[in-house]
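*Asks:* Below you'll find the structure I mean.
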C-alpha cells in the first residue's frame, strides 16, 4: 500500500515541479494545531546554542539552533524574530511561534504519517529534507489570533519576514544576513571594566552624568536601545525592555571618576512615562567592593536615591543597570538610562572611641532591623528588640537615616550586621 502511495506522490510532485515552493506540511490548508502550551514562554528566549543539520531542497548544511517562545529556531532567524516580536508588542500585538525548526527524524515521522495515513491526522507533509521547517528559517506564527496577521502583513517585511507558502497565512520565513539584526543570541556583551578615555573625573563638588555624556556607556544590541528626545533629565533618555533571562542583553554603565575621594550620594533620574520595572537592579562598584541596590521605578519620579557610597580616586568604579531584572518580557516593563547625580556628602563625625564596645537600641518600641550592609536597600538579616544592649564591632559611613550617616556593625549571638546609629547609643 505504501509503495502505491509513494508512486502517486511522485507523480504529484512532478506535476508541482514548476511551482515556486516545495511541497510542505500544511499546504493542504491544515494549519498546525496551536495548543497554547508555550503561552507562558512567549517572549522568553534561551540563547544556548546547539549544533544541528538543516535542510533546504534536499541539501544538508550545518546550523546553530536556539529557543524562542520555547520553540527551536535557527540563531540568526531568532534574532530577527525577537526584533519582530518586540515591535509587535509595542504595537499591542502578541506574536508567538507555534512551530519552528524540525529535525530530519521529526520530518521523517510526519512524512510517514502522511504516506501511511495512520497518525498526525494524515496531514500533508514534505519528504525528509524538503520541508521548509528543516531550514530553521521557517516559523509558523499565531496568525489565528486577533490582529496578528494584519500586523504581520504590514510590518513583517521591515524585519525580513515574508510568506513563502501563499496558501498558508501562518507560515513566515526569514532569509536575511547574519548581521542584519544584532540580537541577543550569538553574542556576549563586551566586558566593561575600563571607562572611556574621554571620560573626565568629576570635580570635588560632584555633578550629573547624563545618558549622552562621555562617562556613560550603553551596551548590547543597538536596536533594543530606544532614544527619546523630549523626556528625561536634560531632555533625553534611553530605554529598553526587561527580561527574565539569566544573562543581560542590554545594559547601561555610568562611570564614576572622582577627583576627591570620599562618600558620595548617588541618585538616578527616573521618568515614569518610560520606566516601569518594579525591580531594577543597580550594581554599584566603588572603592574595591560592589553593592546591589533594587528599585521599584514606579514608586516615584525625578531623582531617586541609591544611597551613599565611598569612592576612591582611580578607574573601575561604576553604576551599572542591566535589562535582565527577572521580570517576564511579556509584562512589557522597561528600564531607563538617564541622568545620575553624584553629590559629595559631609564627612561624618568621628567614630566612637574604642571604649564604646556596646550600644543600646532605641526605637519607638518596634524591633530594629539588622542589615547586611550600611543601607536599608537590602533585606534584613534579623531584628534586635528595643532597649537591647549589643556588642559594637565597628562603625561605618552609609545611607543617611534621620540626618545620621553612621552605621554600627553589631553582633547579638549568631546575628551580625549593621544598624543605623540614629537608633543606637553608646552605653559605656
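*Asks:* Which part of the range 66-89 falls in the paramagnetic zone of residue 230, meaning amide N under 15 Å from the point 7 Å along Cα-to-beta-carbon?
*Replies:* none
*Asks:* For the chain, modelled as a Gaussian network with Cα springs under 10 Å, which listed residue fluctuates most, 103, 355, 164?
*Replies:* It is 355.
*Asks:* While we're looking at this one, here's another question. Taking 7 Å along the Cα-to-C-beta vector as the label spot, tell me the residue 62-residue 247 distance in nanometres, rounded to one decimal.
*Replies:* In this crude spin-label approximation the distance works out to 2.0 nm.
*Asks:* Same structure again: Cα-Cα pairs above 14 Å in the range 358-426: how many percent? The partial results should precede the final answer.
*Replies:* Numbers: 1159 of 2346 pairs.
So the portion of pairs separated by more than 14 Å is 49 percent.
*Asks:* Would you compute, from DSSP H runs of 4+ residues alone, the mean residue ellipticity of the chain at 222 nm, taking -39500 (n - 2.57) per run and dividing by the full residue count, rounded to the nearest 500?
*Replies:* Values: 4 runs with 51 residues, N = 428.
Rounded to the nearest 500, it is -4000 deg cm²/dmol.
*Asks:* Once you have a ≥ b ≥ c as the square roots of the Cα gyration tensor eigenvalues for the range 110-166, tell me rounded if a/c is under 1.5, and otherwise prolate or oblate according to whether a/b is larger than b/c.
*Replies:* Details: a/c = 3.87, a/b = 1.91, b/c = 2.03.
In terms of gyration-tensor shape, oblate.
*Asks:* Going by C-beta contacts inside 10 Å, put 209, 270 in order with the fewest on the left.
*Replies:* On the way: 209 23, 270 27.
Ascending number of Cβ neighbours within 10 Å: 209, 270.
*Asks:* Give me the base-10 log of I(q)/I(0) for the range 177-300 at each q in 0.19, 0.20, 0.21 Å⁻¹, Debye formula, one uniform scatterer per Cα, rounded to two decimals.
*Replies:* Scattering profile of the range 177-300, log10 relative to I(0): -1.33, -1.46, -1.56.
*Asks:* Fewest first, what order do 197, 243 take by the number of other Cβ atoms within 10 Å? Display every interim value, and only then the final one.
*Replies:* On the way: 197 6, 243 24.
Sorted ascending by nearby Cβ count, the order is 197, 243.
*Asks:* Which ordering of 110, 266, 393 is given by a fewest-first count of other beta-carbon atoms within 10 Å?
*Replies:* On the way: 110 20, 266 25, 393 13.
Least crowded to most crowded, the residues run 393, 110, 266.
*Asks:* Just 320, 60, 102 to compare: in a GNM of the chain, with alpha carbon springs under 10 Å, which one fluctuates most?
*Replies:* Judging by the Gaussian network model, the answer is 60.
*Asks:* Let me ask another. Rounded to the nearest 0.05, what FRET efficiency do residue 50 and residue 313 have when you use their Cβ-Cβ distance and R0 = 45 Å? Intermediate values should be presented prior to the final figure.
*Replies:* Numbers: r = 47 Å, r/R0 = 1.05.
Result of the calculation: an efficiency of 0.40.
*Asks:* Once the chain is represented by equal point scatterers at the alpha-carbon sites, with solvent omitted, what log10 I(q)/I(0) does the Debye formula produce at q = 0.07, 0.11 Å⁻¹?
*Replies:* -0.50, -0.89
*Asks:* Springs between alpha-carbon pairs under 10 angstrom, Gaussian network model over the chain: which of 217, 395, 336 fluctuates most?
*Replies:* With Cα springs under 10 Å in the chain, the top fluctuation among 217, 395, 336 is at 395.
*Asks:* Another question about this same structure. For the range 57-119 and the range 274-327, write down the distance between their C-alpha centroids in whole Å.
*Replies:* 38 Å
*Asks:* Okay, next question. Looking only at the range 246-280, which residues have a backbone nitrogen under 15 Å from a spot 7 Å from the Cα of residue 305 in the C-beta direction?
*Replies:* So the set is 263-269.
Each reported figure results from applying straightforward, stated rules to the coordinates on display, with no laboratory input. Owing to the predicted nature of the structure, the values given are computational and were not obtained by experimental measurement. Cβ: placed from backbone, ideal geometry, glycine included. Neighbour counts: every protein chain shown.
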